[in-house]
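Shown next, in structure tokens, is the structure this report addresses.
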């Protein structure tokens, strides 16, 4: 007899129970384990972090990563990588991704795993009633069906959404549950198991009787006894809409734009100061009122000057579709909650392990499910691009683990599920107007952009914020009024997908600059030379530009490139084949990092003289592990043998305070920000700085004192700068002392109890904070604001607080962004006038990457950026709502990404030589891709005379444009 829905949730469909044996969780063979304590709501929770990927890094020194005989290994001389540190393991299929692991791989876990299937809403108009389990024969039914009532908790909103503005049944249920808690004095009701984190607007799972807030929102978790049952059930129900049952219509929630809103207005002054700008006036109580007044004046100035022909204005509406990250490995993980020890174990590949741990702890803070220990096994995620930043995957895995009845669970999305639920790059609509005087000098800009947040707030308003900075392009604009906002919708949620608002903004302004250049009858390079920004200028928020950008060199090289110089001959050649050929150019000035970044790294020397770099950062395929392995080589005379990623516990070892509510620079253990989530653009500048400065600290207070002891009293007057690494030995430049090997130095450190590792924290806001520290009676200054040390063979960190600090510029908090990676893209395309097919034929990228740490990685990032941006521009058509991947039946047969045949063989990257004394790299993960879309669009106009304003530029749109 079929059970009613109310009888099913939380129950098994077969008799019996699953035991929860108490088994100690020990580290895997060759793995690194670190522990720390979190104080959550007055209760201490132990958090253990295991780096599964570090086990692979350990095997590098044992030779198992070495390529076949006749080829060099990954590590070259100090500072050089011959190949990626993880490359051989990846291409030979070793276990490094979360998807590679099963319960059988985890020591101490029960031997069987229960697969989890998440059923996701395909209807947002009607109330969800339940699932039709009669569609499954008894032997294929799940052991547990979890509906939203079991995990529903109170939502704490951290944006402008007000509870009373939610009119649907979800909000009514929440208020009723809150009232019950208040009346009973209990922190949770009987049916509530999990508390929602503060940044979530909706329950993790839609309660029955309520409407889904967005497509793809979970409506139920199904937990199966084994993989065979799971696969059999999936085959019967995955694409069957009637499996989900819906009832009466529900009201749409009333949600205003997600805060913070972006309102950037700048009026340049006659001198070095602005008359008005966000960076200068953003903290005024009446900033928005003043900004809107100036906005009206700017709009009126454009209207008056264009009417009098003093200025010429170019403007239009634009739109861009959502985009899927399409990383290699769909999200996957293992979970096991041992109720007997109150331990939650998770194996995940996440972009933000620190954030995931914090959110997990918060989920169970007031829960009737008690968690006293969290073990997080961190793996390579298998690509990220922002698509795994603040993803709910880890949280859903945690829910499944604690609700499984003691069985370990495996949650592994297939590509259909990843398309249906994974974070997307935001769809965007915009209206922009740019006004030039009669000499071609830009005078004013107005821009209004709306980003589709989908059903979750996530990082959407901050994506809109960076888009506002990028709206002014790479130009010095005296008058600008920019408004950008993220809007709730019922679509799949948007995230920080590669570009973070930059690609959308640059597509708009670079298209308009091309239009103006043609109207002024000047080259695309000349109009940009007239307006390009550089040191001494200000951004559209009024922040000063202090970096060397080298746009002049970029424009010169692009204009001299064969793609541009040979365009007439190439046009004639392609015309003989019946194709129209054109060349387009565009530039971008993409920012990397945020307006305040906290980063850290630990550099350790073992008893054999080998080095290990540990970081909280995650390598998302951009090569962070390889870069961090070699950047310490110059300082320490050798590359790191091991790199351990995803160390979410390192911050706690520093025992520092952070945030405006917990202190100030006057406190010697305070910093403005602890750490953030990983980003591909944070490696070359931010993470490298933390690793290099920690390496310098290890040399200054560990290795050099050991060398002095070995050299004897005659070395007492030497300074670290008097030494140099020569052929793997530490020598004195002036001679007179024997060279010392790493093994000799390590032995001295271990025997004397000297400093054997340094964990350093750094903070950047326009400049790096510089701290002075006293270590064993000697004062040192590094680009760090916090350190912790280990001594000899003792692996426990001891905090060492600074004695003073050179703090960052206080005004920089209002500059929004201060560091940039300029790039120009020159692209040739053909257009088939019969079919509308657009094909890239040639591509040259001119990139200011600063100091290049690993050339091959920069090249790979560039090639990937061009391919991804080309796919977004021409191929990746993703409709919103049920017509798109929210339906659950989208895969690569419907979502077309760039293939090898779509990328031109004539694709080159030209990197600029750093100017002056620039010794740092720049975050370039998104820099190359930001100007690809407008360059393609401008090339299409050059070929056909059709101006394309809506992405993707599909053959159908192209045919319509060509046919008028």
| remark: Relative contact order as a percentage, the stretch 597-814, C-alpha pairs under 8 Å and 6+ apart, gives 24
| remark: In nm, the gap between the two label points placed 7 Å beyond Cα toward Cβ at residue 910 and residue 664 is 5.1
| query | By average Cβ neighbour count within 10 Å, what is the ranking of 494-507, 463-476 from highest down? | reply | 494-507, 463-476
| message | Using a 7 Å offset from the Cα along the Cα-to-Cβ direction at both residue 242 and residue 303, what is the distance between the two label points in nm, to one decimal? | response | 5.9
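Taking neighbour Cβ counts within 10 Å as the exposure measure, how do 451, 820, 44 sort from fewest upward? The partial results should precede the final answer.
On the way: 451 30, 820 23, 44 9.
Going from sparsest to densest Cβ surroundings: 44, 820, 451.
Shape verdict for the stretch 311-394, please, from the Cα gyration tensor: rounded (a/c under 1.5), prolate (a/b greater than b/c) or oblate. Don't skip to the answer; put the middle values down first.
Values: a/c = 4.07, a/b = 2.37, b/c = 1.71.
Prolate is the answer for the stretch 311-394, as a/c is 1.5 or above and a/b outweighs b/c.
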| field | Antiparallel DSSP beta bridges within the chain, percent to nearest 5 | value | 75
| Taking square-rooted eigenvalues a ≥ b ≥ c of the alpha carbon gyration tensor, is the stretch 517-588 rounded, prolate or oblate, where a/c under 1.5 means rounded and, failing that, a/b exceeding b/c means prolate? | prolate
| request: Using a 10 Å cut-off on Cβ atoms, rank the peptides 252-258, 221-227 from the highest mean neighbour count down. | output: 221-227, 252-258
| said: Compute the distance from the alpha-carbon center of the stretch 204-245 to that of the stretch 922-957, in whole Å. | reply: 39
| request: Pop a pseudo-label 7 angstrom from the Cα along the beta-carbon direction at both residue 284 and residue 132 and give the gap in nm to one decimal. | output: 6.2
| remark: Per-residue ellipticity at 222 nm attributable to helices in the chain (runs of n ≥ 4 DSSP H, -39500 (n - 2.57) apiece, nearest 500 deg cm²/dmol) works out to -7500 deg cm²/dmol
| note | Per-residue Cβ contact counts at 10 Å, fewest first, order 314, 147 as 314, 147
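Would you mind ranking 141, 388, 576 so that the residue whose beta carbon has the fewest other beta carbons within 10 Å leads the list? Write down the numbers at each step before the final one.
Values: 141 20, 388 31, 576 7.
Least to most surrounded, the residues fall as 576, 141, 388.
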| Just from the alpha-carbon atoms, what are the Rg and Dmax of the chain in angstroms? | 28.8, 92
| field | Alpha-carbon gyration tensor eigenvalues x 5, square-rooted, for the stretch 597-814, Å | value | 29, 19, 15
| How compact and how long is the stretch 808-940, expressed as Rg and Dmax of its alpha-carbon atoms in Å? | 18.0, 59
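Which order do peptides 884-896, 280-292, 340-352, 681-693 fall in by mean Cβ count within 10 Å, highest first?
Values: 884-896: 18.1, 280-292: 14.6, 340-352: 23.2, 681-693: 26.5.
Top of the packing list down: 681-693, 340-352, 884-896, 280-292.
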| Quick one: Cα centre-to-centre distance for the stretch 277-335 and the stretch 828-866, in angstrom? | 27
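If a/c stays under 1.5 just call it rounded; otherwise compare a/b with b/c (prolate if a/b is bigger, oblate if not). Do that for the stretch 247-321, with a ≥ b ≥ c from the square roots of the Cα gyration tensor eigenvalues.
On the way: a/c = 3.07, a/b = 1.54, b/c = 2.00.
Oblate shape, in that a/c is at least 1.5 and b/c is the bigger or equal ratio.
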| message | Please compute the contact order of the chain in relative form: average sequence separation of alpha-carbon pairs under 8 Å and at least six residues apart, divided by the residue count, as a percent. | response | 14
| query | At what distance in angstrom do the alpha carbon centres of the stretch 432-506 and the stretch 559-576 lie from each other? | reply | 33
| How high is the relative contact order of the stretch 742-861, in percent, with contacts defined as C-alpha pairs under 8 Å that are six or more residues apart? | 19
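Here, each number is a calculation from the coordinates, and none is a lab measurement. All of these numbers come straight from a predicted model, not from anything done at the bench. Heads up, the Cβs are rebuilt from the backbone with ideal geometry, glycines too, and the neighbour counts pull from every protein chain shown.
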